[in-house]
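Colleague: Supplied in structure tokens, the structure appears directly below.
Every number here is computed from the coordinates shown, using simple stated rules; none is lab data. Everything numeric here is computed off the predicted structure, so don't read it as measured data. All Cβ positions, glycine included, derive from the backbone under ideal geometry; neighbour counts span all protein chains shown.
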Amino acid sequence: MIVAAAIAADAASLEPFGLDRDPKLAFVVLPTYLVAAWGLGTYHLPVLRTVATSIQKSLVSLVAATGFSLLAAHAFNATGNFLTQETVLFLGLAAVGLIVVHWSIAAGLRRREDQTETTVVLLGDHSVRSNRLPDVAVTINVRARDWQPVESDPNFLNDLALAVADADRIVLSFKALKEQLRWAKLLGELGFETELLEPSLAGLKPLALRYFDSTPTLVVSTGPLTLHKRIFKRAFDLLFVLLAAPVVAPLMAILTILVRMDSPGPAFFVQKRIGTNNRYFNCIKFRTMRVDLADAVGNHLTERNDPRITRLGHFLRQTSLDELPQLWNVLMGQMSLVGPRPHALGASAEGALYWEVVPDYWHRHSMKPGLTGLAQIRGYRGPTEKRCDIESRVAADIEYIHSWSPWLDVKILFRTIRVLVHSNAF
């Protein structure tokens, strides 16, 4: 679809068609798209089954690939090869094509799954049962059939093979571990994929099986983002900062001079805050308070008409420009563009520290803190005078962590523009 869209856009461009014409944009975008799609898991089967997620990831991959390609072309002074109208037409055609393809794939997979039932064969002595067994499970009691896991009887092996021939999954359930292992070994040698039913592990909710040397281990928890997702999020942060640098750097230089002229003291305020996995980091802001009245720990939250704030500080806070230096924290990998906002160690609500108010508070630090976040675009800004103020913010942060996607980050960034100036920003 990408190649076809590039050919169509190239053919429809206003330049005269010649033998030397070729879809140049596709040569750059296609490999970059494949890398982005691989990183996002766009073509993983669980993703392809869901129309919205599948289309969303493919479009995000396309936009990221096109943006990176145009950025590279600009760096090598090759933007002349890509006409503006051709690029826009290419993006439109490719997006429509990808939407059609991914919608068709998801619809086909759903039809196939609706027409197919998974047959599970539960083989064992039935001393261990699970209440969550599917209705389509076929039970085989080896005691009733007088079966023993031995390879010396071809008649038994034939009967066993016929009994599990139509199974999509074979699950073993025995009271005695030694007997269960003997059956697992036999079925494995006969070429059957076999699983062991372990109800005792249900409370742990294992995610995967790994090995420590030759000893198996169960993975019972992971971070909120896979390695591929972390790489994509980090690449997005770096690309945004680098693209914004030509505009932001001069603005920060001017603001630095103005802060120094407005009141004695340094231009920047550095405060220890809680970051990823509850590690401390130094969060950078433009100084908005008088040096002699600054609160290094954050025990005293800012109030409306706070006498500690300088004249310029009021403007910086009302426009959120005091947060601009945190782009350096993003560049250094201590923060992300989008994520839970980092809090000062002494911040409190109704006289209680945040983690004393909300039991799940520490969970919000499983991802990098952000310049903006879901809580901010919902209007949860300013001082936390009541317990519900911090409860609402933490709930939004945890919701963001559980529902993260590249598209969600993009939406939050765009919606942040609407709340840069806020009644609670003081």
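Colleague: Longer than 29 Å from Cα to Cα, which of Lys205/Lys411; Lys185/Lys205; Lys285/Lys386 are they? Say none if no pair is.
Modeller: Among Lys205/Lys411; Lys185/Lys205; Lys285/Lys386, the Cα-Cα distance tops 29 Å for Lys205/Lys411.
Colleague: Sort Tyr361, Tyr280 by Cβ crowding within 10 Å, fewest neighbours at the top.
Modeller: Going from least to most buried by this count: Tyr280, Tyr361.
Colleague: Report the FRET efficiency, 1/(1 + (r/R0)^6), for Leu71 and His314, where r is their Cβ-Cβ distance and R0 is 41 Å, rounded to 0.05. Could you put the intermediate results ahead of the total?
Modeller: On the way: r = 37 Å, r/R0 = 0.90.
Once rounded, the FRET efficiency stands at 0.65.
Colleague: Still on this structure, I have one more. Kindly state, to the nearest 0.05, the FRET efficiency for Val220 paired with Asp166, given R0 = 41 Å and r defined as their beta-carbon distance. Walk me through the numbers before you get to the answer.
Modeller: Details: r = 33 Å, r/R0 = 0.82.
So, using R0 = 41 Å, E works out to roughly 0.75.
Colleague: Between Asn158 and Ala249, how many nm apart are label points set 7 Å from Cα along the C-beta direction?
Modeller: 8.1
Colleague: Treat the count of other C-beta atoms within 10 Å as a stand-in for reagent exposure and order Leu190, Leu93 from fewest to most.
Modeller: In order of increasing Cβ crowding within 10 Å: Leu190, Leu93.
Colleague: Also, I was wondering about something else. Which order do Lys233, Lys178, Lys386, Lys57 fall in if you start with the one that has the fewest other Cβ atoms within 10 Å? Please report the intermediate quantities before stating the final value.
Modeller: Values: Lys233 21, Lys178 7, Lys386 12, Lys57 26.
Taking fewest neighbouring Cβ atoms as first place, the list is Lys178, Lys386, Lys233, Lys57.
Colleague: Okay, moving on. For a quick check, take a GNM of the chain with Cα springs below 10 Å and name the residue from Pro406, Pro206, Pro383 with the largest mean-square fluctuation.
Modeller: Fluctuation is largest for Pro206.
Colleague: Let me make sure I get this right: for segment 227-419, a, b and c are the square roots of the gyration tensor eigenvalues over alpha carbons, sorted descending. Under 1.5 in a/c it's rounded, otherwise prolate if a/b > b/c, else oblate. Which is it? Show your work: numbers first, answer last.
Modeller: Working: a/c = 1.78, a/b = 1.12, b/c = 1.58.
Oblate, because a/c is 1.5 or more while a/b does not exceed b/c.
Colleague: What FRET efficiency, computed as 1/(1 + (r/R0)^6) with R0 = 25 Å and r the Cβ-Cβ distance, is obtained for Val241 and Ile105, rounded to the nearest 0.05?
Modeller: For R0 = 25 Å, the calculated efficiency reads 0.10.
Colleague: Given Cα pairs under 8 Å that are at least 6 residues apart, what percent is the relative contact order of the chain? Walk me through the intermediate numbers first.
Modeller: Values: 561 pairs, mean separation 45.8, N = 426.
Taking the mean separation of contacting Cα pairs over the length of the chain, I get 11 percent.
Colleague: Also: What 222 nm value per residue comes from the helices of the chain, counting each DSSP H run with n ≥ 4 as -39,500 (n - 2.57) and dividing by all residues, nearest 500 deg cm²/dmol?
Modeller: It lands at -15000 deg cm²/dmol.
Colleague: Also: Working from Cα positions, state the angle (0 to 90°, nearest 10) between the long axis of helix 2-12 and the longest principal axis of the chain.
Modeller: 50
Colleague: Using only the alpha-carbon atoms, how far is helix 177-189 inclined from the longest principal axis of the chain? Give it as 0 to 90 degrees, nearest 10.
Modeller: Taking the Cα atoms of the chain, the angle to 177-189 is about 90 degrees.
Colleague: Just checking my list [x] 25.6, 78; [y] 29.2, 108; [z] 29.3, 94 against Rg and Dmax of the Cα atoms in Å computed from this structure; which label fits?
Modeller: Read-out taken from this structure: [z].
Colleague: In addition: Between rounded, prolate and oblate, where does segment 315-354 land on the alpha carbon gyration tensor, with a ≥ b ≥ c its root eigenvalues, rounded for a/c under 1.5, else prolate if a/b exceeds b/c? Display every interim value, and only then the final one.
Modeller: Numbers: a/c = 2.90, a/b = 1.45, b/c = 2.00.
Since a/c reaches 1.5 but b/c is at least a/b, the shape of segment 315-354 is classed as oblate.
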